[in-house]
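Only the coordinates and a few stated rules stand behind these numbers; no lab work does. This is a predicted model, so every value here is computed, not measured. When we count neighbours, we look across all protein chains shown, and the Cβ atoms used for this are built from the backbone with ideal geometry, even at glycine.
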Amino acid sequence: MNVYTQERVSVRKRISLDCKVLRSRDMRVIGERMLDLSPDGMLLSSTDPVLLREPVLITFRLPSLSRTFTAEGEVARILQGRRPKDHGRAIGVRFQNFDALSRMLVRTELRRVPPPLPSRAKRLDYAGLVKRIDLGKW
């Protein structure tokens, strides 16, 4: 019986690549190094100040493909780099307008990359657990 929450739609893979992420409002470069990637988003090394949900433009190239990927996205998370396993300040970016073919190519390419080791314990889904107990399914 699973009592843990599933927060991610797809698994992020630790992959360090050059990229370019521009803040949409002023076209200023806010990062040029990807720390991890999934078909739904990426973690970007950045020390520039950004706002949560701020729109960004993203370009990157996977080494094994001769294709440049371009997407629109939004800042989904801002990491301050305070945790012991953090690699400095970083920005989590969620892809917004990332076409289905590009998403599929990234997903296929990432199958070759091993998943990262979990850095923290899974979180219990307390509401789901209480519901199962209440329904007698525990």
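Values as computed for the structure displayed
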| quantity | calculated |
| --- | --- |
| Radius 12 Å from Cβ of residue 20, net charge of other residues (Lys, Arg +1; Asp, Glu -1) | +2 |
| Residue among 90, 71, 100 with the largest mean-square fluctuation in a Gaussian network model of the chain, springs linking Cα atoms under 10 Å | 100 |
| Lysine pair count for the chain [Cα-Cα under 22 Å; pairs on different chains or 8 or more apart] | 5 |
| Selected from 70, 110, 47, residue furthest toward positive end of dipole (the chain; charges at beta carbon) | 110 |
| For region 13-134: rounded, prolate or oblate by the Cα gyration tensor [a/c cutoff 1.5] | prolate |
| Gaussian network model of the chain, Cα within-10 Å springs - most flexible of 42, 34, 104 | 104 |
| Size of charge dipole - the chain - debye, nearest 20, with Cβ of Lys, Arg +1 and Asp, Glu -1, no other charges | 480 |
